[in-house]
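Student: Submitted below is the structure of interest, expressed as structure tokens.
Bear in mind these aren't lab numbers, they're just calculated from the coordinates by the rules spelled out. Quantities reported herein were computed from a predicted structural model and do not represent experimental measurements. Every residue, glycine as well, gets a Cβ built from its backbone with ideal geometry; the counts of neighbours run over all protein chains shown.
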Amino acid sequence: MLKLQGNCWVITDAAAGNQRQALALAERLGMPVRHLQLEPGEPWSWLAPRLTAGARLALSDIQREQFSPPWPTVAIGCGRASALYTRVLRELSEGRCYTVQILDPRIDPSHWDTVIAPQHDRLEGDNVLQPVGSLNPVDDDWLQDGRDANPAFAELPRPRVGVLLGGPRKGVTLDEAYIDQLASGLLSRQHAEGGSLLVLASRRTPRVLAERMRERLVGVPGLVWSGHDDGSNPYPGVLGWADRLVVTPDSVNMLSEACAVGCPVHTLVLGTLPAKIERFHRALRDAGWLHDLSEQAAPPARPLRETAAIAATLCQRIAARQAG
């Protein structure tokens, strides 16, 4: 990896998925990183990143103080609100800040130096990089750290099946009926094969659904984690120790991270998916990374790990700018 000069700002809103992607990429650049959580008020929050006039005034006093010179060498944003501030940094820094935006900003990508948008967004441009899925920190070292932090999981009966629960989103229904079907499928296979089930809710999982899953899995070896009342989040340990992963179909981030592990990954889809999500699922299935819940599957030929390659390309572009 090229050695870059200067510093990097990561700009996000409060969404954990956006923060995770931007920080994973920034940490690969080898630069000092500062994370700014910027959330503009109305009407900028409605119109970001189109409305740029007065963008700094849209911030709270504390956030405005954070978003002030000296401007960074590189700025990485993820999400529509952050796209407003990575966009205006070009002008504020007089072109000296290299601006990167993750996810489709919904306007011409030429407003940034590089835009990173997954293939299912179908965003094109000379400065657009198109990974299959979401950027994330999952690699061999990250998985080993997860195993080291959760050694007790090694004692659970195998196969150890990690189950990642997302939440309802537009076009995807996750309700108690879905959880019942998912639990039935998990239990059927567990009764046939033995093993353990390690279920993790996310921030988007309605509590009633996590509790419904907990009720259905009483007596099964493993755990159901739905929040800090259940202890610290064992997510890295679950991915690190999993022999197989099951992921609800709604989350591009969770599916991408599961497919980065290197074990078989399964999902349960009821009905139809929104077009973008369907394209993403199809790409994962065609490459052998994703399978139906009831399907027997071998580990993929290679895990889905794209962050390092995206970071290497970005380093080359930033270094060329610094040299030029």
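Student: Using a simple charge model, +1 on the beta-carbon of Lys and Arg, -1 on the beta-carbon of Asp and Glu, nothing else, what dipole does the chain show about its Cα centre, in debye to the nearest 20?
Tutor: Working: 34 positive and 36 negative charges, 101 e Å.
So the magnitude is around 480 debye.
Student: Quote the FRET efficiency, to the nearest 0.05, computed for ARG34 versus ALA287 with a Förster distance R0 of 30 Å and r equal to the Cβ-Cβ distance. Could you put the intermediate results ahead of the total?
Tutor: Working: r = 36 Å, r/R0 = 1.19.
Computed FRET efficiency for ARG34 and ALA287 comes out at 0.25.
Student: So for segment 140-292: antiparallel DSSP bridges make up what percent, rounded to the nearest 5?
Tutor: Working: 1 of 19 bridges.
If I count the DSSP bridges inside segment 140-292, around 5 percent turn out antiparallel.
Student: Give a residue-ordered list of calculated ³J(HN,Hα) values for segment 176-184 (Karplus: 6.51 cos²θ - 1.76 cosθ + 1.60, θ = phi - 60°; whole Hz; x for Gly, Pro).
Tutor: 5, 5, 5, 4, 5, 5, 4, 4, 4
Student: Could you pull out every residue, at least 5 positions away or on a different chain, whose amide H is within less than 5 Å of the one on VAL199? Hs are placed 1.01 Å off N in the peptide plane, and Pro or chain starts have none.
Tutor: Placed amide hydrogens put VAL163, LEU223, VAL224, TRP225 under 5 Å from VAL199.
Student: Turning to a different aspect of this structure: At 222 nm, what helix-only mean residue ellipticity would the chain give, in deg cm²/dmol to the nearest 500, using -39500 (n - 2.57) for each DSSP H run of four or more? Walk me through the numbers before you get to the answer.
Tutor: On the way: 11 runs with 118 residues, N = 324.
It comes out at -11000 deg cm²/dmol, rounded to the nearest 500.
Student: Follow-up question, since we're still on this one. For a protection proxy built on the mean count of beta-carbon atoms within 10 angstrom, sort 33-43, 257-267 highest first, please. Provide the component values of the computation, followed by the final result.
Tutor: Working: 33-43: 15.9, 257-267: 24.7.
Per-residue mean Cβ counts within 10 Å order the peptides as 257-267, 33-43.
Student: Hey, what angle do you get for helix 16-28 against the long axis of the chain, alpha-carbon based, 0 to 90 degrees rounded to 10?
Tutor: Between the helix axis and the principal axis of the chain, the angle is about 70 degrees.
Student: Could you check the spin-label model distance between ALA298 and SER184? Points 7 Å from the Cα along Cα→Cβ, value in nm.
Tutor: Placing both labels 7 Å beyond Cα along the Cβ direction yields 3.2 nm.
Student: Can you list residues from other chains, or at least 5 along the same chain, whose modelled amide H is less than 5 Å from the amide H of GLY262?
Tutor: Excluding prolines and chain starts, which carry no amide H, the hits are LEU304.
Student: Here are some values of Cα extents along the principal axes in Å: (1) 57, 39, 39; (2) 64, 41, 36; (3) 68, 47, 31. Which one was computed from this structure?
Tutor: Computing Cα extents along the principal axes in Å and matching it to (1) 57, 39, 39; (2) 64, 41, 36; (3) 68, 47, 31 gives (2).
Student: While we're looking at this one, here's another question. As a test, work out the antiparallel percent of DSSP beta bridges whose residues both lie in the chain, rounded to the nearest 5.
Tutor: Working: 1 of 39 bridges.
Antiparallel bridges make up about 5 percent of those DSSP assigns within the chain.
Student: Could you work out how far the C-alpha centroid of segment 130-155 sits from that of segment 229-245, in angstrom?
Tutor: 9
Student: With a cut-off of 17 Å, note down the residues of segment 68-103 whose backbone N falls inside the zone around a label point 7 Å from the Cα of GLU27 toward its beta carbon.
Tutor: Answer for this model: 76-78.
Student: Sticking with this one: Relative to the first principal axis of the alpha-carbon coordinates of the chain, what is the inclination of helix 207-216, with its axis defined by its Cα atoms, in degrees from 0 to 90 and to the nearest 10?
Tutor: The angle comes out at about 20 degrees.
Student: Now for a separate question. List the relative contact order of segment 140-292 as a percent without decimals, with contacts defined as Cα pairs under 8 Å and 6+ residues apart. Show your work: numbers first, answer last.
Tutor: Numbers: 240 pairs, mean separation 46.5, N = 153.
The value is 30 percent.
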